[in-house]
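A.B. asks: This is the structure I want to talk about, given as structure tokens.
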Amino acid sequence: MTPHGGDARAADARAAEEERTAEEERAVEQALALVGHQPRASHPATDRPDTAGPSSTSTSPATTTSPPPSAGQGTSPGPASGPSSSPPSPHAHRARAAAWDRACALAERLGRAAPLAAHRLPLDRALGHVLAEAVVALTDLPSFDTSAMDGWVVAGPGPWTVREGEGLLAGRGSSEPLPDGYALRIATGARLPADATAVIRSEHAHCDEAKRLLHATREVVPGQDIRPRGQECRSGDELLPAGTVVTPPVLGLAAAAGYDALVAVPRPRVDVFVLGDELLTAGLPREGLIRDALGPMLAPWLRSLGAEVAEPRRIGDDADALREALVTSDADLILTTGGTAAGPVDHVHPVLAGIGAELLVDGVAVRPGHPMLLARLPEGGPCLVGLPGNPLAAVSGLLTLAEPLLRGIAGRPALDRFRAPVHEEVHGHPHDTRLIPVVHRNDSVVPLHYNGPAMLRGIAAADGLAVVPPGGVRSGTEVEILDLPWASASPWTEGCFT
């Protein structure tokens, strides 16, 4: 039986989608396999003294012999072979856009395939870095039995004869045993004498000065208000796994456990090149010129992701200046803004082709931000993420490609996936994923207005971005939420720090 026209078209569409998916998977695997053999500049690992804990094993820089192909593309043009080689026209047909989730996954896996070498940092310089190896306790915590309260340390049953003297203070005091039937003043944190039974808080004790006897006003339980040796951890216990971000409490725990330094991954270094002759850096828009919104926004955003960011550099619409900036950068990641489409002054594609870079992602099926790209510069050079010039489209590219790539390079753990129901119907793109700024209200998220590609008003008020699948979603449907760095205390992340 011959299928109806609609059925045949649906079958053809399914077959085409399956072929596209298989092609993308092959490209991703080939890209990652090749990236694992490309030389890459990295920070040298440093030796670690015994005081820093277990010996360090530095992460070796990844190497590759040839650039990987584009995701969503079986083959792609190779590097220019010489002066006679001409880069492809920016108006030539490009590979089909990669699916949004696959583009995110490729970026993160690419970063993890070429991590920075670990180095040893003193505690006062380790904040914000990522642990390259686990923190293992170098001693029991506490390392001796200590008093948890100010009061009296007693031995045996009471009442107790009060021993003369100033008592036991933190950091001072005798380690002589305390005989049964005796009591001695003790301060919080002081080391307990051998054979002590309990600590009685000052408010739960009565001292008869005339008879030099101590009486408890409450029942005394052996071991009360004593922090026994090893209560928190034993020497050799793993306290924090590799991949942990170094926060102030992490520094405190490491110090308590005996560390003077931590083996951590360096912060990825990022260069930001702002393209476009129409951009102003100060004053009101005028005469067809507009303010640069991305330069002031990207640097602090990237720093919140743990990167070291140089001052954004204005390139303008100058292909030669862009080429020079790319080939002389010593960053671990380059971000460009604008110039990723096929207009008369969109130079990113032809410049990348001219220097022999290889496209890994050339367009993503997401709105806004469709013309974003991910490339690898030749000869062990850094990765480049090309962001669209429209502000919200650039945010989309930042979260889709740059953030996962940076997380992989820096050794940060993969983000947990959070979902929340939308408060109202959200219209979707017929074929592409949409990223919509949302704000959390009670148990759901509310989509915000002003979410066009050139707008920032919505994202400036947002808690996160909702990942809306093609076709949109009805009210009450749960969608994935992309967390924003400054919104880590949002309700959908509750419990992620425990």
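The values are calculated or read from the model by the stated rules, or taken from the named source; none is laboratory data. Every value quoted in this text rests on a predicted model; they were computed, and no experiment measured them. Virtual Cβ from ideal backbone geometry, glycine too; neighbours counted across all protein chains shown. Calculation scope for accessible area: heavy atoms of the full protein, side chains included, ligands and nucleic acids excluded. Shrake-Rupley method; radii C 1.70, N 1.55, O 1.52, S 1.80 Å.
A.B. asks: In vacuo Debye scattering of the range 289-371, one point per C-alpha: log10 I(q)/I(0) at q = 0.16, 0.20, 0.21, 0.23 Å⁻¹?
C.D. replies: With one equal scatterer per Cα and no solvent, log10 I(q)/I(0) is -0.74, -1.18, -1.29, -1.46.
A.B. asks: Please list Trp486, Trp152 from largest to smallest accessible area, probe radius 1.4 Å, with all protein chains kept in place.
C.D. replies: Trp486, Trp152
A.B. asks: Which values, in whole Å and largest first, are the semi-axes of the equivalent ellipsoid of the range 379-439 obtained as the square root of 5 times each eigenvalue of the Cα gyration tensor?
C.D. replies: In descending order, the three semi-axes are 27, 17, 9 Å.
A.B. asks: Roughly to the nearest percent, how much of the accessible area of the range 349-493 is carbon and sulfur, given a 1.4 Å probe?
C.D. replies: 51 percent
A.B. asks: Whole number please: convex hull volume per residue of the Cα set in the range 233-333, in Å³?
C.D. replies: Value for the range 233-333: 123 Å³ per residue.
A.B. asks: Leaving out ligands and nucleic acids, and using a 1.4 Å probe, what accessible area per residue does the range 115-223 come to in Å²?
C.D. replies: 51 Å²
A.B. asks: For the range 368-464, what is the accessible area per residue in Å² when the probe is 1.4 Å?
C.D. replies: On a per-residue basis, 39 Å².
A.B. asks: OK, next. Using all Cα-Cα distances in the range 300-425, what percent lands in each 5 angstrom bin from 0 up to the longest?
C.D. replies: 2, 10, 20, 22, 22, 13, 5, 3, 2, 1
A.B. asks: Still on this structure, please answer the following. Rounded to the nearest 0.05, what FRET efficiency is calculated for Ala454 and Ala134 with R0 set to 51 Å and r the Cβ-Cβ distance?
C.D. replies: My answer for the efficiency is 0.65.
A.B. asks: Could you please report the charge total around Val162, scoring K, R as +1 and D, E as -1 over all other residues with beta-carbon less than 12 angstrom from its beta-carbon?
C.D. replies: In short, +1.
A.B. asks: Name the residues of the range 204-245 whose amide N is less than 18 Å from a point 7 angstrom out from the Cα of Asp195 along the C-beta direction?
C.D. replies: Correct set: 222-223.
A.B. asks: Going through the range 269-346, which GluC sites (Glu not before Pro) have at most 13 other Cβ atoms within 10 Å and a DSSP loop state?
C.D. replies: Glu287
A.B. asks: Something else: If I compute solvent accessible area with a 1.4 Å probe over the protein chains, what percent of it on the range 251-290 is carbon and sulfur?
C.D. replies: 58 percent
A.B. asks: Counting alpha carbon pairs within less than 8 Å and at least 6 residues apart, what relative contact order, in whole percent, applies to the range 170-309?
C.D. replies: 14 percent
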